[in-house]
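Inspection log for the structure reproduced underneath, given as C-alpha cells.
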Amino acid sequence: MANLDPLIRLNKFKLEEKQRVLSTLYADVQALEVHKSAILDSVESEKEVVNLNTQDITLMQGFLMYLQRSKGEVEIINNQISTLEIKITRAVDEMRESFGELKKVEITRDRRLEQTAKDNAKREDALFSEIALEIYRRSK
C-alpha cells in the first residue's frame, strides 16, 4: 500500500492556501466597509455644516454635488462588496471540499494503519503460539 502522508501534506497545503485566499477576501470586504463608513461619516459632517449655514446657496449646491458623488461612490463600493461576497461563498465551498478531501485521505490512512496493526498482532500471536507449541513439544 502506498504511503498517504505526502498526499495528506499536499491536501493540507491546498487547504491552507484556500484559507489564505478567504482571509484576503474578508480583509478586502472589511477595507471596503471602512471606506464606505468614512464616506458616510464625511457626508454627515458636511450635512451638519450645511444645516448651520442654510442661507448660503453655493454651499448648498456644492453639498448636493458632493452628496451625489458620495452616493455614487457608496454604490460602487456596495457592488464591489457584493462581488467579493460571491467570491467568498465560492471560496468557502472550495475550502469545505478541500477539507473533505483531506479528511477522506486521513481516515483512509488511519484505517490502513489500524488494519496493519491488527495484521501484525495476528502474526505476532501466531508466532507466539507456534513458539509455545514448539516449547511444549520439546518439553515432552
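Tell me yes or no: at least one residue of the range 46-60 is among the charged types (D, E, K, R), more than 30 Å from L7 (Cβ to Cβ) and outside any helix (DSSP H, G or I).
The answer is yes; a qualifying residue exists.
Just to verify a result, which residue in the range 1-27, among those that are within 9 Å of the chain's Cα centre (by Cα) and touching a residue at least 60 places away in the same chain (Cβ under 8 Å), is surrounded by the fewest Cβ atoms within 10 Å (Cβ to Cβ)?
The selected residue is Q19.
Filter the range 28-60 for residues that are among the hydroxyl-bearing types (S, T, Y) and touching a residue at least 12 places away in the same chain (Cβ under 8 Å) and give the result.
If the condition is that a residue be among the hydroxyl-bearing types (S, T, Y) and touching a residue at least 12 places away in the same chain (Cβ under 8 Å), then S42 is the only one that fits.
Given the options Q68, Q61, Q80, name the one that is on the phi < 0 side of the Ramachandran plot and in contact with a helix residue (DSSP H, G or I) (Cβ under 9 Å, 6 or more places away or on another chain).
Q80
Output the qualifying pairs, or none if there are none: Cβ atoms under 9 angstrom, residues six or more apart or on different chains, first residue in the range 94-118 and within 16 Å of L10 (Cβ to Cβ) and in contact (Cβ under 8 Å) with a residue 12 or more places away in the chain, second residue surrounded by 12 or more Cβ atoms within 10 Å (Cβ to Cβ) and basic (K, R).
As it stands, the answer is E94/K18; M95/K18; S98/K14; S98/K18; F99/K18; E101/K14; L102/K12; L102/K14, since those pairs meet every condition given.
Going by the conditions given, is K87 closer than 22 Å to V34 by Cα, modelled with pLDDT of 95 or more, in contact with a Leu (Cβ under 6 Å, 6 or more places away or on another chain) and not hydrophobic (A, V, I, L, M, F, W, C)?
Numbers: closer than 22 Å to V34 by Cα: yes; modelled with pLDDT of 95 or more: yes; in contact with a Leu (Cβ under 6 Å, 6 or more places away or on another chain): yes; not hydrophobic (A, V, I, L, M, F, W, C): yes.
The answer is yes for K87.
When the range 39-55 is examined, which residues are found to be exposed (fewer than 13 other Cβ atoms within 10 Å of the Cβ) and among the acidic types (D, E)?
D41, E44, E48 - these are the residues of the range 39-55 that are exposed (fewer than 13 other Cβ atoms within 10 Å of the Cβ) and among the acidic types (D, E).
The values are calculated or read from the model by the stated rules, or taken from the named source; none is laboratory data. Keep in mind that this is a model prediction, so the values were computed, not measured. Here Cβ is always computed from backbone atoms with ideal geometry, including for glycine, and neighbour counts include all displayed protein chains.
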